[in-house]
Structure formats: structure tokens, C-alpha cells
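The values are calculated or read from the model by the stated rules, or taken from the named source; none is laboratory data. Computed from a predicted model, the values in this text were never measured in an experiment. Here the Cβ positions follow ideal geometry from the backbone for every residue, glycine too, while neighbour counts run over all protein chains shown.
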Amino acid sequence: MRRTVLLLLYLVCSQSMNTYAGDDVYVNETIEVEGSEGRLKTDYSSPSVFVTEEQVQQYNAITIDDVLQYQPTLVVRRRYIGDPNATLGMRGSNMFQTTRSMVFADGLPLHYFLQSRFSGAPRWSLVATDELETAEVVYGPFNAEYSGNAMGGVVNIKTKLPQEETIHAEAGYFYQPFNYLSTDENLQGNRQFGSYGNKIGNLSFYTFVNRLENKGQPQTYRGETRTSIPSGQPIVSGAVNALDQRSREIIYFADSGVEDIQTNLFKMKLGYDFSDDIKGIFTIAYEDRERETTPNNYLRDAAGNVIWGDGSNRSVDASFNGQAFNVRSDRFGVSESNRETLLLGGHLEGKFNKQWRFDTTVSYFDILEDETISSELSPLDPNNTNRGRITEYDDTGWVTYDLKLVNEAFLGNKQLNFSTGYHYENYSLNIQQHNSNNFRSASRDSARSVTGGETTTHAIFSQIGWKFKPSWDAAFGLRYEDWTAEDGYSNTGTLDRTSDQPDRDDSALSPKFSMAYSPRNWTFRYSLAKAYRFAIVEELYKNVSSFNSTTIADSSLSPEEGLHHNFLIKYTTPNGFSSLNIFRDDIDDVIFNAESVADSVTTFLNIDRVVTNGIEFAMERRRIQNSAFDVSFNVTWMDAKIKAFRSNTALEGNDMPRLPEWRANLFTTYHVTDAWDLSLGARYQSDSFGRLDNTDTEEGVFGAQDKFLMFNFKTVYRPASFDGTVAFGIDNLTDDEAFVHHPYPQRTFFLEATVTY
């Protein structure tokens, strides 16, 4: 570790000396945007990076989460284009600890603090890549403005609001040949975007339609462990012998089928200038998403007939290559889902007077419809009776409100800046599961189970910055939160809503501190923060069962309590920066969703203490040595360990799941001409464990958490004949095969064209 620190310090210094430019300081245009009046700076006490619209044009960015793919110490687990479960992990918070990262678009929350793991992904599809202006990534909970949900970090997306008449259109096509086990598919997708914006007098408006359709590779492979052969077992063909992530011998006989997904987003933003000092914006976004999967059955008997299993017992024994295994007929059920959501938001910012500015936001998110229909057996199974299960969300969504006040010369002293504010949020989750006598007509039998509840938080914060010497500054912050959980219920066999779970009421006080020394182009900053992350509704109250799994909640979960450190060394130049961050996250009562050994039951529990130590180096240079090259590079080393776990001491000393030791990203663009660019990116991640017991050590198989090195290519041309672009790209250029439990996309080709009037 010492050698790594010394090496990275050398890189910072050497890069700095090579690009030293006197008193000139590199000022990224996005900092000017985010630091404009009415916006509280989020990078004051926290390390942060920015992504611009110009940079994103060099990426194969189909969905908005793609704009983050090369940022330091960050991962978006996007399994295919349009994946609704593209979870976000930052620093010591893994991709399934989704309640430890926050995502905002124009101040409106996109993070989904109703559920966790794969169901807790941010609602990325509520923002289109074409409307992006900038994205800011803030690391850690060092700013009092944010709750303990920022233990990993915060993503702030700023979108466009045209100031003149603008018409924009885009069309894209993508193609992925995919081959794994017995799956051999040519998968295709497309996207269309059309927008119109204008400003008439004091009124600005922007409206667009974004449509995406794609076929993603199968995400789950169904198999059983091998057993000895009793007499009389039917001999089958088509299965595949392989290992699982725990090196167990498995016979795979099916996959979950191609993920067929369609998403339509309709969005409108209205802005109004009430005066030169006060401006407001209203946003409405409606999304409709449909998804279907039909499993592929590999099994055939000697006559070539499909083997489905025994419908009455839902299983049948079979023989393949001299080994017996169990064929479960309920592994072939089909699934259809439809989700409609509505997001409403209002934002007002401006000045009270010369000293005070305000920034206030209200948001309302409602699931209008969310229904998943799953069949018990395949519709092609002769034993199928069309029975199934319907899962739907009712009265589910959130309401949030934020008010921030900022004074850049507090008490008349220009060396002091002060910010304070209030935050309110209410999250409500209600899930119903019904048995269905005919899943094709979505008929409902008696309800099997209902579960849900709600959480409410009131918070106030204050933060003061003091520039006590020309090269020195300090920040002191304090956040108080009052949290309640109530109306929790979980009933089986009835639709009656009985509040049979205890109500909870808790509070927390989180101090923040930061100090910096900034001589000339250098910055040395130490930041320290206490943070609390309270349990969400799913962790407290969700108790449900499906055909193949069960989830058990715990209404007594303690809040996560973290102590976070960060030491930053940064050097800025006219054309870029170099930075080194050394960080430590020490968190008690970590809330984790653990699987049983049988992989059929998951439960939420508290791990007594987890410590993550990390070192992150990042650099960015534009037009290196006056050349036509732009380069960005970052590398992160992390060590995340379970330090205490009283309920299972055998796990103490283990690595935390889904947190690799190394992450690295490289992206370079060569500006061939003013109209033609060539870009090449590389993303590396070392392997990790997926389980708390660290027994999943097999690589390159379904269920593994693999290392990978993926190269992406894109070329963009801007014709002189019209205002627009034509582009071609390839993701995973070398066709690296890797798994994040589910398979990552294999080599994927892109074509796109844009035009603006």
C-alpha cells in the first residue's frame, strides 16, 4: 500500500510539473454552470468530477447511465441496453447497496429509495442522453446538504432548457451477437429521439419523446447439481455440463430467454423568468415500459421431443452424459411486465436581496401501474393449466421537498459563506401478490400476500465556509434528521391491511468538517464526516414469496452509522487536472441483503462493522502538449473487509461482496479534424466475491463476479452540410466474456445519426 501511495504521489507531481502554467488555473465550464447563482456548490467540501455534453458525444451513450461509465471509483451494473435494473455503486458501497448513492436530475430525485439490490436502481430512463448538459459526481457524505444516503456519493445531472427555437432528432441502431452455453442469438435494438424547444418572452419550454426498443441477452441460466443415476432415468440431450460460481458441477438445461424491452418517455419542461433574479421551472415526465421473457428449454428426448418435467410434482429426473439431475418444470415459466410512472417536479431559485439566495424544489413520483404476470409452467408444457402469479404495486411512490438558503458574505464578512436548508421526504411501498387461474387474462384468485409500509424524514442542515487566510479555508457542517417508519404490514392469504409491524422513530445528528490549503494551482484538502443511513421500506417490511424465492424483512434494523475520511491532493492547469484521493469508510451496523446457502431465501440483516480503505488517482488533459489528443485516466485500489459480525463470527475478515480490489478507466479522443473525432476507451475491474462467505471463487461462469478488461471504440463525424452528427461505435471490442452474476453484453455495434435545426 505504501508503494502504491508513493507511486501515485509521484504521478501527481510529475504530471503537475509537466503542465505547470504559472498562476493560470484550469476552469472547467461545467463548474461555472453548477456554481451559478441559485445553486449551492456541492464540491466545496467533497471531492468531485464533472462530465460535459461534449465528452458524452464521444461515448457510446444510449441511456443516461452511460455518461458515468469512465468516472473514478464508480460502477453502473448495466446488463444490457435499456436494463431497468442498472444499479449504481460508488466507492465502498457496492452495486447492490443502492440506498448509499443518490441521483438527481435538475434537483429531482431519480434514486429509488423504496427497494434495494437489483430492484433499487435509479430511474435512469426518466432522463434522455440528448437532454444532458452536465453531470457532476460527488464522492462521500462530506456536505451537510446530503443525507447518509450519500455514503457512496451523489450524481447531479443538469439538463438543457433551450433559449431559442431548437428542433433536434436522433436515431440509433445497435446489434449484439451473443453466444453462451446453448444460447446463440443475434440481438438487435433501436432508439429514436425527437425534441422541440423555444423561448418566447419570459417563457421557455422544452418537450421531447424518447423511445427505446431492445432485445437483451438471457440473464439467468437454469440448472441442477449432478447426482448418481437410479435405474430407469430417461436419457436426454441438449443439456450443458459446467461449473457454477462455487465450483459445483451443474447440468444446465435452460436459460431465462431473451429480454425483450420497450421504453417510451414523454417529457416536458416549462421555465419562467419571474424577474431577472427569480426563475422557475416545472417538469413533467411520463414513462411506459414493457418487458417480456420466454425461457429457452435445451432438453430433448431420444425422439427429439422437448422435456418439460412432471407437471404434477413439478420435477422429473433425467440422465445426461452418465449423470442424473432434476428437471423442475417451474423453471420454464414466462414473464410479462408493464410499468407506467409519472414524475412531477417544480424548482424555483433566485435572490431575496443582495446577500441571500434561495433554491427550492418539490417532487412527486407515482407508480400509475406496475404489474408483472408470471406463469407457473411454460405455456408449451402439456401439463400447463395457465396458472400463474400477479405481482403489482399500489399506492407506491414518493414526495420530497427541499429548501436551501445561501449567503456568500455571511454577517457582512466576505470571508464567510453560509448555507442552510430543510428537507422532507415520504416514501410509500405497497406490494400485492395474487394467484391467477388464467395468467393470460390476468385473472385474480384470492390474494396470496400483501406487504408494505412507509418512511418519512424531516431534516435540517447548516454549513459555514471560512476563508481565514488567502490560501486556507475551512468548512463546518451539521445535519439533523428525524426519521419515522410506520404502517408496516405483511399478511398472507388476505387483502386486509393490518399494521402488524411496529412503528419506528429515530433521529441522528451528523457533523461535517473540511479544511484546505490551496497554494497557487494546488489544493490539499482533508474532509471528515459522520453519516447515518436509515433503513428503507423494503428492508423493514417487504415479506414476499415467488415460485423460486422468498424475501424476509426485518423491522428492527438499526441505521447504518458511518465515519468517513478523505484526503485530496489536486493540481489544476489550463487544460486539465491531476488528483489523488485517499479515503476510508468505517461503517457500523451495515444493512445487507444476504442469500441462504440454498439461494432461495434472502433476508436483511445488520453487519456490525465494515471498513473500506481506498486510494484513487485521476487525471484529465485536453489537447496534450498542444496536440489533437484528449486523455482521461483513473485507477482505484480498495480493500473492504468485514471487521465484526457477532451473529456469524466465521465471516469476520472476509471481503465485502461485489467490491473489487482494482478499478481503472482510460478514455482518449483524437481530433482528426474539426469535424471528425476518433475515441477509444478501456474499462478494467478485478474480480470480487458475490457472497458474504466468499465461497464463490470460480471465474468465467454464470453467477461469478468476474474481472474484465473491455475496450470501446467510437468515431463521430460532423458534416458541413447540416448541423448534426453521424457516428459508428463498438463496445467490448475484443469480445471479452465476463459475468456480474449475470452475463455482461458481448461485442456490440452502434450506428447513430443526429440533426439539429
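Residues in the range 421-442: is at least one hydroxyl-bearing (Ser, Thr, Tyr), part of a loop (DSSP other than H, G, I, E, B) and modelled with pLDDT under 95? If you could, list the steps in order and put the result at the bottom.
Taking the range 421-442 and keeping what is hydroxyl-bearing (Ser, Thr, Tyr), we get 422, 424, 427-428, 436, 441.
Add one more test, that the residue is part of a loop (DSSP other than H, G, I, E, B), and what stays is none.
No, the range 421-442 has no match at all.
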Per the filter on the range 559-598, residues among the small types (Gly, Ala, Ser), touching a residue at least 40 places away in the same chain (Cβ under 8 Å) and over 22 Å from SER45 (Cα atoms) are ALA594
What are the residue pairs meeting all of these: first residue in the range 520-537, first residue farther than 24 Å from SER428 by Cβ, second residue among the basic types (Lys, Arg) and modelled with pLDDT of 95 or more, Cβ atoms under 7 Å, and 6 or more apart or on different chains? THR523/LYS570; ALA529/LYS512
Which residue pairs have Cβ atoms under 8 Å apart, sit 6 or more places apart or on different chains, and have a first residue in the range 616-628 that is among the small types (Gly, Ala, Ser) and a second that is surrounded by 15 or more Cβ atoms within 10 Å (Cβ to Cβ) and assigned to a loop (DSSP other than H, G, I, E, B)? ALA618/PRO72
In the range 244-284, which residues are in a strand (DSSP E or B), of a type in the set (Lys, Arg) and more than 29 Å from the chain's Cα centre (by Cα)? LYS279
Considering the range 339-370, residues that are within 25 Å of the chain's Cα centre (by Cα) and surrounded by fewer than 17 Cβ atoms within 10 Å (Cβ to Cβ), and then whichever is farthest from THR159 (Cα to Cα), we arrive at GLU369
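So which of ALA121, ALA171 is surrounded by 19 or more Cβ atoms within 10 Å (Cβ to Cβ), small (Gly, Ala, Ser) and either touching a helix residue (DSSP H, G or I) at 6+ places or on another chain (Cβ under 9 Å) or farther than 23 Å from GLN71 by Cα (or both)?
ALA121
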Any idea which of GLY465, GLY452 is within 26 Å of the chain's Cα centre (by Cα) and either in contact (Cβ under 8 Å) with a residue 12 or more places away in the chain or assigned to a strand (DSSP E or B) (or both)? GLY452
Mind checking which residues of the range 53-79 are over 13 Å from the mean Cα position of the chain (by Cα), farther than 23 Å from GLY140 by Cα and assigned to a loop (DSSP other than H, G, I, E, B)? GLN57, GLN58, TYR59, ASN60, ALA61, ILE62
For the range 292-306, name all the residues that are in contact with a strand residue (DSSP E or B) (Cβ under 6 Å, 6 or more places away or on another chain) and not in a strand (DSSP E or B). PRO295, TYR298, LEU299
Please verify whether SER231 is among the hydroxyl-bearing types (Ser, Thr, Tyr) and modelled with pLDDT of 95 or more, treating the condition exactly as stated. no
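Anything in the range 337-361 that is of a type in the set (A, V, I, L, M, F, W, C) and either in a strand (DSSP E or B) or modelled with pLDDT of 95 or more (or both)? List them, or say none.
In the first step, residues of the range 337-361 are kept if they are of a type in the set (A, V, I, L, M, F, W, C); the result is 342-344, 348, 352, 356, 358.
If the condition is that a residue be of a type in the set (A, V, I, L, M, F, W, C) and either in a strand (DSSP E or B) or modelled with pLDDT of 95 or more (or both), then LEU342, LEU343, LEU344, LEU348, TRP356, PHE358 are the ones that fit.
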Those residues that are on the phi > 0 side of the Ramachandran plot, at pLDDT below 95 and either part of a strand (DSSP E or B) or hydrophobic (A, V, I, L, M, F, W, C) (or both), I need them from the range 388-420; list them, please. LEU411
Tell me which residues, restricted to the range 144-158, are within 18 Å of LEU478 (Cα to Cα), part of a loop (DSSP other than H, G, I, E, B) and not polar (S, T, N, Q). ALA144, GLU145, TYR146, MET151
I want to confirm something. Restricting to the range 208-237 and keeping residues that are surrounded by 17 or more Cβ atoms within 10 Å (Cβ to Cβ) and within 18 Å of ILE307 (Cα to Cα), which single residue is farthest from the chain's Cα centre (by Cα)? VAL236
Single unsatisfied condition, LEU495 versus (1) over 24 Å from LEU580 (Cα atoms); (2) modelled with pLDDT of 95 or more: (2)
Answer yes or no: is there a residue in the range 230-238 that is touching a Leu at 6+ places or on another chain (Cβ under 6 Å) and under 17 Å from GLU185 (Cα atoms). yes
Exception for SER449 within (1) crowded, with 17+ Cβ neighbours inside 10 Å; (2) closer than 25 Å to GLY120 by Cα; (3) modelled with pLDDT of 95 or more falls at (3)
Hey, any hits in the range 85-107 for a residue that's within 13 Å of the chain's Cα centre (by Cα), among the charged types (D, E, K, R) and more than 30 Å from THR523 (Cα to Cα)? no
I'd like the full set of residues that are out of contact with any Ser or Thr (no Cβ under 7 Å at 6 or more places or on another chain), in a strand (DSSP E or B) and in contact (Cβ under 8 Å) with a residue 60 or more places away in the chain, limited to the range 700-729. ASN712, GLY729
